[in-house]
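Structure, as C-alpha cells:
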Amino acid sequence: MANLLSKLIGGSFFKSKKNFTIFDFQKEEEQLLLRSQDGNKNVDIIFQGVQQIQLPVSFSGLSIRIADANKVKLPYTQNERSYNNILFEIISSGEKFYLLAKFCKIYENDLPFNESSLNGARGKEIAGSDN
C-alpha cells in the first residue's frame, strides 16, 4: 500500500467544475457523502473510514488528491495515522481542505434527490483513490 500511495501523492485522481455539497454523514459507519446534482444525474463522492474532517459545507468545483501527511500539519493523532488512513486534500476556489479516511470512491447515479447513496445503491463507479 505504501508503494501505491507514493505513486498517487500529489496528483489529482478526480476533478470537477460542478458544485458539491455535504449531503450525508453516517458517524457509526464512518462515511461521508459529497453530492453534485445536475438534473436527474448525481455525482457522489463517498469517503469511507472517515476519522477527521476539515471541510466547508459546499464547494464550487473541486479537485481531490492524496496529500503527503508528512508535509501537512493538522491536529490529528498518530493513532489515526497508524491505521492505513489516507490524508485527502480537496482544493476548491484556490483553498485547500483536508479529510482523513481509508479510501474514496466517486459514482454517477440517478438516485432521487432525497436518497443517499450511503445506504447501498451507488451507481457507476467513475474514479477512486485505489483505482
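The values are calculated or read from the model by the stated rules, or taken from the named source; none is laboratory data. Keep in mind that this is a model prediction, so the values were computed, not measured. With ideal geometry, Cβ positions are generated from the backbone for all residues, glycine too; neighbour counts draw on all protein chains shown. Heads up: the accessible areas ignore ligands, DNA and RNA and are worked out on the full protein's heavy atoms, side chains in. Shrake-Rupley method; radii C 1.70, N 1.55, O 1.52, S 1.80 Å.
Flag set for N114, criterion: open to solvent by 60 Å² or more (accessible area, probe 1.4 Å) and closer than 19 Å to D24 by Cα. Of everything in the range 59-109 that is touching a helix residue (DSSP H, G or I) at 6+ places or on another chain (Cβ under 7 Å) and modelled with pLDDT of 95 or more, the residue that is most open to solvent (accessible area, probe 1.4 Å) is Y107.
For the range 117-131, name all the residues that are assigned to a strand (DSSP E or B) and either surrounded by fewer than 16 Cβ atoms within 10 Å (Cβ to Cβ) or touching a Cys at 6+ places or on another chain (Cβ under 8 Å) (or both). Answer for the range 117-131, where residues must be assigned to a strand (DSSP E or B) and either surrounded by fewer than 16 Cβ atoms within 10 Å (Cβ to Cβ) or touching a Cys at 6+ places or on another chain (Cβ under 8 Å) (or both): K124, E125, I126, G128.
Scanning the range 107-131 for residues that are over 22 Å from R65 (Cβ atoms), touching a residue at least 60 places away in the same chain (Cβ under 8 Å) and of a type in the set (A, V, I, L, M, F, W, C) gives L111, F113, L118. Counting only residues that are surrounded by 17 or more Cβ atoms within 10 Å (Cβ to Cβ), of a type in the set (S, T, N, Q) and either farther than 15 Å from G123 by Cα or under 11 Å from the mean Cα position of the chain (by Cα) (or both), the range 24-50 holds 1 of them.
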